[in-house]
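Inspection log for the structure reproduced underneath, given as structure tokens.
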Amino acid sequence: MKQEHKLFKGKTLAILSGGGDTPAINSSIESVRNRASMLGFKVYGILKGWKGLLGDGDVVDLTHQPYDGLYGGTALRSSRTNPFPSKKNPESRVPQVLKNLERYKIDVLVSIGGDDTNGAAKRLYETEGIPVIGFPKTIDNDLRTKTIHHYHGKEIEAVLCPGFPSAAMSVAEFTGKLKTTAESHSRIIVLEVMGRDAGWLTGSAIFGSADLALIPEVEMTRERKDFFFEVVRETYLSAPKKTLIIPVSEGVRWFDDKTGKLDVVYASSEVDEYGHPRFGGISGIIASEITNRLKIEARAQITGYYARSGDCREYDRRLTMTLADKVVDLLLREDYGKMPVMKKIVTYPELEEFNTTAIDMGNVGNRPLPEEYFDSNKFRFTDAYIDFLSHIIPLPQFREFTYDFPVVIPEG
Ligand code: F6P
């Protein structure tokens, strides 16, 4: 096809990424950029999320530039800037955004983000008529993508967000490695995992041989705590190597014996422009309560930004390309205010455009971990969750060393 015949020649599509980064954002940017360029669009990158559309704007041209989609994070950088009025910033910056969209002659905007970034994009579409396409992103996997998991004749409303597969793989590997140090000291390691108010990512630790777990969806009241400590004691004592790794979500609601209140542990009192506080520190509290109550040595380890770091994994790479194929469909039909998602939970080879659909960005919200995925009486992820995860990540291989040395009895 000759350049002049390209459908969108003379049009500009801009991409921005907002919120916490993931290992799959560059892959999303590259996949959308490549496809939009083929349709004839000039492709711009807006730097630092919505911040790049404030003031004089901060915009780069991605059209004929080399791009490394396997490299994690986002080359467009990110921010938690909210163009709409918020408690932290009561002034509306929407007029600045509109002015820059016009100055840079941006015809279509692709916003890569979670609920916050895409929520703002959705409002711009609804209130100002800006042609917007949302692209899902979060390691927390809590964006309501309405992706169905078919499990033993049941349809479970699951979630599949780019970024989660890579982060889940990293958490599983991290957990599996911790085993050797935990075993050496016969310790319990309480492993804190990101995910905000949802336990999706915490579950991936079970692919690294973790056992019991705590998630934000199950409140840890005084009574549940007592029960939990009993289960921990029994599980620890029956473990052949007298060791346990317990993944806990950063957003677990934990009863504080001193204050008598049930709350999340905050890393800071600051909130971002979308009103979110930062969580962190629950693992230390749980580890010290285990030591005090059960007299078993326990330590805390925070996976933190490790889960978000590093290269894009294979599943995420193909997932972002597949969703970008759906973006082409939306562009061709000029169908805006939508977000491409997978219709069902599929394995790597089934990540194909025919398994995608587009949902109204207006319906996007948070999706906690479904009840079917966690047994709150056993503090364990269920077989249904294992089935969900095994579609997305392989079971990492770890060296096993089972020993049973004969005990030496001194003679005489
Ligand atoms: O929402 C993604 C996320 O990684 C959460 O899991 C975590 O609570 C938060 O971002 C951390 O945010 P920040 O990058 O601002 O520390």
Item to complete: Provide a single number: the residues in the range 124-181 that are open to solvent by 10 Å² or more (accessible area, probe 1.4 Å), farther than 28 Å from Tyr305 by Cβ and not charged (D, E, K, R).
Response: 10
Discussion item. Go through the range 287-344 and report how many residues are more than 21 Å from Ala358 (Cβ to Cβ), open to solvent by less than 40 Å² (accessible area, probe 1.4 Å) and touching a Ser or Thr at 6+ places or on another chain (Cβ under 7 Å).
Written reply: 3
Fill in: Within the range 199-212, considering residues that are within 16 Å of the ligand (Cβ to nearest atom) and in a loop (DSSP other than H, G, I, E, B), the one farthest from Ile392 (Cα to Cα)
Gly199
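Taking the conditions exactly as written (on the phi < 0 side of the Ramachandran plot, modelled with pLDDT of 95 or more and touching a Ser or Thr at 6+ places or on another chain (Cβ under 9 Å)), does Val43 satisfy them or not? Steps first, answer last, please.
Numbers: on the phi < 0 side of the Ramachandran plot: yes; modelled with pLDDT of 95 or more: yes; touching a Ser or Thr at 6+ places or on another chain (Cβ under 9 Å): yes.
In short, yes.
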Response to the item:
Selection from the range 248-264 of residues within 12 Å of the ligand (Cβ to nearest atom) and either assigned to a loop (DSSP other than H, G, I, E, B) or in contact with a Phe, Trp or Tyr (Cβ under 6 Å, 6 or more places away or on another chain) (or both) yields Glu250, Gly251, Val264
Worksheet item: Regarding Arg196, is this residue within 19 Å of Asp142 (Cβ to Cβ), of a type in the set (Lys, Arg) and open to solvent by 30 Å² or more (accessible area, probe 1.4 Å)?
Response: yes
Worksheet, complete the sentence: Flagged in the range 47-64 as part of a loop (DSSP other than H, G, I, E, B) and either away from the ligand (no atom under 16 Å from the Cβ) or on the phi < 0 side of the Ramachandran plot (or both), in numbering order, are Leu47, Leu54, Gly55, Asp56, Gly57, Asp58, Leu62, Thr63, His64
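Any idea which of Leu7, Leu16, Leu47 is among the aliphatic types (A, V, I, L, M) and open to solvent by less than 10 Å² (accessible area, probe 1.4 Å)? Please lay out each step first, then the result.
Working: Leu7 fails: open to solvent by less than 10 Å² (accessible area, probe 1.4 Å); Leu47 fails: open to solvent by less than 10 Å² (accessible area, probe 1.4 Å).
From the options Leu7, Leu16, Leu47, the qualifying one is Leu16.
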Worksheet, complete the sentence: Those residues of the range 75-108 which are crowded, with 18+ Cβ neighbours inside 10 Å and either touching a strand residue (DSSP E or B) at 6+ places or on another chain (Cβ under 6 Å) or not assigned by TED's automatic domain parsing to the domain that holds Gly40 (or both) amount to Leu76, Ser78, Ile106, Val108
Practice prompt. Residues that are within 15 Å of the ligand (Cβ to nearest atom): find the strands (runs of 3 or more DSSP E) completely inside the range 83-179 holding 2 or more of those.
Written response: 108-113
Worksheet item: Quick check: anything in the range 49-63 among the basic types (Lys, Arg), under 30 Å from Glu217 (Cβ atoms) and at pLDDT 95 or above?
Response: no
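Pick out the one residue from Asp335, Asp360 that is of a type in the set (D, E, K, R) and modelled with pLDDT under 95. Break it down into steps so the answer makes sense when it comes.
On the way: Asp335 fails: modelled with pLDDT under 95.
Within the list Asp335, Asp360, the selection yields Asp360.
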Worksheet, complete the sentence: For the range 270-293, pairs from a residue that is closer than 19 Å to Arg187 by Cα and within 16 Å of the ligand (Cβ to nearest atom) to a residue that is open to solvent by 50 Å² or more (accessible area, probe 1.4 Å) and polar (S, T, N, Q), with Cβ under 8 Å and 6 or more apart or across chains, are Ser283/Gln301
Worksheet, complete the sentence: Flagged in the range 353-381 as open to solvent by 30 Å² or more (accessible area, probe 1.4 Å), touching a helix residue (DSSP H, G or I) at 6+ places or on another chain (Cβ under 6 Å) and over 24 Å from Lys122 (Cβ atoms), in numbering order, are Glu372
Discussion item. Just to check your reading of the model, which residue among Tyr67, Tyr44 is in contact (Cβ under 8 Å) with a residue 24 or more places away in the chain, in contact with a helix residue (DSSP H, G or I) (Cβ under 8 Å, 6 or more places away or on another chain) and away from the ligand (no atom under 16 Å from the Cβ)?
Written reply: Tyr67
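The values are calculated or read from the model by the stated rules, or taken from the named source; none is laboratory data. Computed from a prediction, not measured in an experiment: that's the story for all the values here. Every residue, glycine as well, gets a Cβ built from its backbone with ideal geometry; the counts of neighbours run over all protein chains shown. All accessible areas refer to the heavy atoms of the entire protein, side chains included, with ligands and DNA or RNA removed. Shrake-Rupley method; radii C 1.70, N 1.55, O 1.52, S 1.80 Å.
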